Amino acid sequence: MKALLVYPSIPDTFWSFKHILKFIKKRAAHVPLGLLTIGSMMPKDWDLRLVDMNVESLTDDDIKWSDTVFVGAMVVQKDSVREVVNRAKSFGKNIVAGGPLFTSTPEEFAEIDTQVLNEAEITLPLFLEDLSRGSVKKIYTSEERPDITQTPLPKWDLINMNYYASMSIQYSRGCPFDCEFCDIVKLNGRSPRVKSNEQMLREFEILYQMGWRGRVFIVDDNFIGNKSKVKSLLVELRKWQEDRRFPFTLYTEASVNLADDQELMTLMTSAGFDSVFLGLETPAEECLVECGKRQNQSRDLVEAVKIIQRNGMEVMGGFIIGFDNDPPNIFEKQIRFIQSSGVVKAMIGLLNAIPGTKLYQRLQEEGRLLADCTGDNCDGSLNFIPKKMDAEAIRAGYQALLNHIYSPREYYKRVIEFLKEYKPTRRKRINKLEVRAFFSSILYLGILDKGKFYYWRLLAVALVFHRKSFGEAVSSALFGYHFRKLLSK
């Protein structure tokens, strides 16, 4: 069997970082970890080929070569999925699909021959068994949650690592919180399941032996969902990193209650973590109550961010506009919230109802759903009827908010606010990519950019007052370039 694994294109979004990848000669920010793991679950006698359309073109020859085309995708890749499916069908190929997009909306893809939904450790073997008997079904689905200590190592030889800015490893699945707008509990459950420490160290060791040095993304929905287990891992990971002189810089996603646990923050930074994404959402307490974000309620969110920054981790933040209880001045409140917290990489999106979430179900019952969710929560789309504010007023206010916080003056001001609080815990080694990025920043931001005055002021402030964080200052300046490019589209 010749199996072609296809990872469709991700559009130009907040998370694509397309506009700064050229500075470090990379083609994509992240690897298709799901398909790499699927590759290890395939029969050993199969001939596999993986095409990540974010780093290379899917050619007609690729499709013709295959017996079956396997597609794995998230909701944001929906348009590219349609293209892949149409092309594969034009050559008469069978298509097998899986991933969050199909698990959430299987009914939208009736033209696909087989959908292998939910978690592949359970459903993929069922499909492969039927395939060997010649009696394949249309859909394979299961609510069973697999033991991920049995999940195989990714098949890294399917990709060229040199194309990517970061590698990825998964430690856990599931989240103990159940926010109304989030589909994680639906996809992966409420009880976090984790890999063993030995398993994780093997994954790190393989990347190390393959020559990877640099950033590694721990892709968990909530890395600290099981605190006792993750602390045990971090103790061992710190020693592993120390023995190899810290080949990897780590980053992940977590919940804001990280700020309540000094031991956990110390363990993370000592193991090599330098940044974490938090779902901060909104400064409006009534909206936090509305969406069931109890971990953010009744706390000073700005101070929580600053605590994490002081402990050596940059906080990237997710923010949402469009809650039913948004006050009329929510745009101004969000601006003050973001600027005062020093969250440089602030992903602000309009609320969208994702199929399978409690929000989707509620809005459906209220007759307020309008359209499909695009999966890109920064594209200015609303797929429901707002309760209080006019939809156009929300979009206009949202666009004004983005234009304000990503204007050079306000953006660089926010970087300086971050540097005031950030306390790196160890000196990082400078690599060739960072040197290349620095000189690119001088050209694009210090000479060609309209905001060059603020760029040079940032570098001067960093050199005089925050020398240990100079690399973070340059990196932040480059990310600002990406965000402004997105806004100018």
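Give the residues of segment 299-313 that are over 19 Å from I224 (Cα atoms), assigned to a helix (DSSP H, G or I) and of a type outside the set (A, V, I, L, M, F, W, C), sorted by residue number.
The one that is over 19 Å from I224 (Cα atoms), assigned to a helix (DSSP H, G or I) and of a type outside the set (A, V, I, L, M, F, W, C): E303.
Being modelled with pLDDT of 95 or more, of a type in the set (V, I, T) and surrounded by fewer than 22 Cβ atoms within 10 Å (Cβ to Cβ) is the filter here, so list the residues in segment 18-38 that pass it.
Listed by number, the list holds a single entry, T37.
Considering segment 195-212 alone, what residues qualify as being of a type in the set (K, R) and surrounded by fewer than 16 Cβ atoms within 10 Å (Cβ to Cβ)?
Across segment 195-212, the qualifying residue is only R202.
Would you pick out the residues in segment 39-91 that are buried (at least 20 other Cβ atoms within 10 Å of the Cβ) and part of a loop (DSSP other than H, G, I, E, B)?
Residues satisfying the conditions are N54, L58, S66, A73.
Across segment 111-167, which residue is nearest to Y251 (Cα to Cα) among those that are part of a strand (DSSP E or B) and among the polar types (S, T, N, Q)?
Among those residues, the one meeting the criterion is S166.
Within segment 283-298, is there a residue that is farther than 23 Å from E421 by Cβ, touching a strand residue (DSSP E or B) at 6+ places or on another chain (Cβ under 9 Å) and in a loop (DSSP other than H, G, I, E, B)?
Taking every residue of segment 283-298 in turn, at least one turns out to be farther than 23 Å from E421 by Cβ, touching a strand residue (DSSP E or B) at 6+ places or on another chain (Cβ under 9 Å) and in a loop (DSSP other than H, G, I, E, B).
(1) modelled with pLDDT under 90; (2) among the acidic types (D, E); (3) more than 23 Å from V343 (Cα to Cα): which one isn't true of E392, the others all being true?
Result: E392 fails condition (1) only.
Do we find that L153 is hydrophobic (A, V, I, L, M, F, W, C), outside the structural domain of I224 (by TED's automatic domain parsing), surrounded by 13 or more Cβ atoms within 10 Å (Cβ to Cβ) and touching a Gly at 6+ places or on another chain (Cβ under 6 Å) in this structure?
Values: hydrophobic (A, V, I, L, M, F, W, C): yes; outside the structural domain of I224 (by TED's automatic domain parsing): yes; surrounded by 13 or more Cβ atoms within 10 Å (Cβ to Cβ): yes; touching a Gly at 6+ places or on another chain (Cβ under 6 Å): no.
It is false that L153 is hydrophobic (A, V, I, L, M, F, W, C), outside the structural domain of I224 (by TED's automatic domain parsing), surrounded by 13 or more Cβ atoms within 10 Å (Cβ to Cβ) and touching a Gly at 6+ places or on another chain (Cβ under 6 Å).
So the check is Cβ under 8 Å with 6+ separation or different chains; which pairs have a first residue in segment 120-147 that's in contact (Cβ under 8 Å) with a residue 60 or more places away in the chain and a second one that's among the aliphatic types (A, V, I, L, M) and part of a loop (DSSP other than H, G, I, E, B)?
Final answer for the pair search is L128/M42.
Quick check, is V116 over 21 Å from Y140 (Cα atoms) and within 23 Å of the chain's Cα centre (by Cα)?
Against the criterion (over 21 Å from Y140 (Cα atoms) and within 23 Å of the chain's Cα centre (by Cα)), V116 does not qualify.
Each row is one residue, and each column tells you yes or no for (1) within 25 Å of the chain's Cα centre (by Cα); (2) assigned by TED's automatic domain parsing to the domain that holds F181.
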| site | (1), (2) |
| --- | --- |
| K387 | no, yes |
| A391 | no, yes |
| G397 | no, yes |
| E417 | yes, no |
| V435 | no, no |
| S441 | yes, no |
| G446 | no, no |
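Examine segment 356-368 for a residue that is surrounded by 15 or more Cβ atoms within 10 Å (Cβ to Cβ), among the aliphatic types (A, V, I, L, M), assigned to a loop (DSSP other than H, G, I, E, B) and in contact with a strand residue (DSSP E or B) (Cβ under 9 Å, 6 or more places away or on another chain), and state whether such a residue exists.
Let us first name the residues in segment 356-368 that are surrounded by 15 or more Cβ atoms within 10 Å (Cβ to Cβ), namely 356-360, 362-363, 368.
When the remaining residues are screened for being among the aliphatic types (A, V, I, L, M), the result is 359, 363.
Now drop any that are not assigned to a loop (DSSP other than H, G, I, E, B), which leaves none.
No: zero hits.
Would you point out the residue of segment 253-269, among those that are within 23 Å of the chain's Cα centre (by Cα) and touching a residue at least 40 places away in the same chain (Cβ under 8 Å), that is surrounded by the most Cβ atoms within 10 Å (Cβ to Cβ)?
Ranking the qualifying residues of segment 253-269, first place goes to M268.
I'd like to check something: does segment 334-349 contain any residue that is without any contact (Cβ under 8 Å) to a residue 40 or more places away in the chain, assigned to a loop (DSSP other than H, G, I, E, B) and on the phi < 0 side of the Ramachandran plot?
Within segment 334-349 (the criterion being without any contact (Cβ under 8 Å) to a residue 40 or more places away in the chain, assigned to a loop (DSSP other than H, G, I, E, B) and on the phi < 0 side of the Ramachandran plot), the answer is no, since none of the residues qualifies.
Under 9 Å by Cβ, and 6 or more places apart or on different chains, what pairs join a residue from segment 164-179 that is in the same structural domain as K229 (by TED's automatic domain parsing) and farther than 30 Å from V55 by Cα with one that is surrounded by fewer than 19 Cβ atoms within 10 Å (Cβ to Cβ) and among the hydroxyl-bearing types (S, T, Y)?
Listed pairs, sorted by first residue: P176/S191.
Being modelled with pLDDT of 95 or more, closer than 20 Å to V315 by Cβ and touching a Phe, Trp or Tyr at 6+ places or on another chain (Cβ under 6 Å) is the requirement here; does A254 meet it?
It is true that A254 is modelled with pLDDT of 95 or more, closer than 20 Å to V315 by Cβ and touching a Phe, Trp or Tyr at 6+ places or on another chain (Cβ under 6 Å).
The values are calculated or read from the model by the stated rules, or taken from the named source; none is laboratory data. Fair warning: this is a prediction, and the values are worked out from it, not measured in the lab. So basically every Cβ, Gly included, is an ideal-geometry build from the backbone, and we count neighbours across all protein chains shown.
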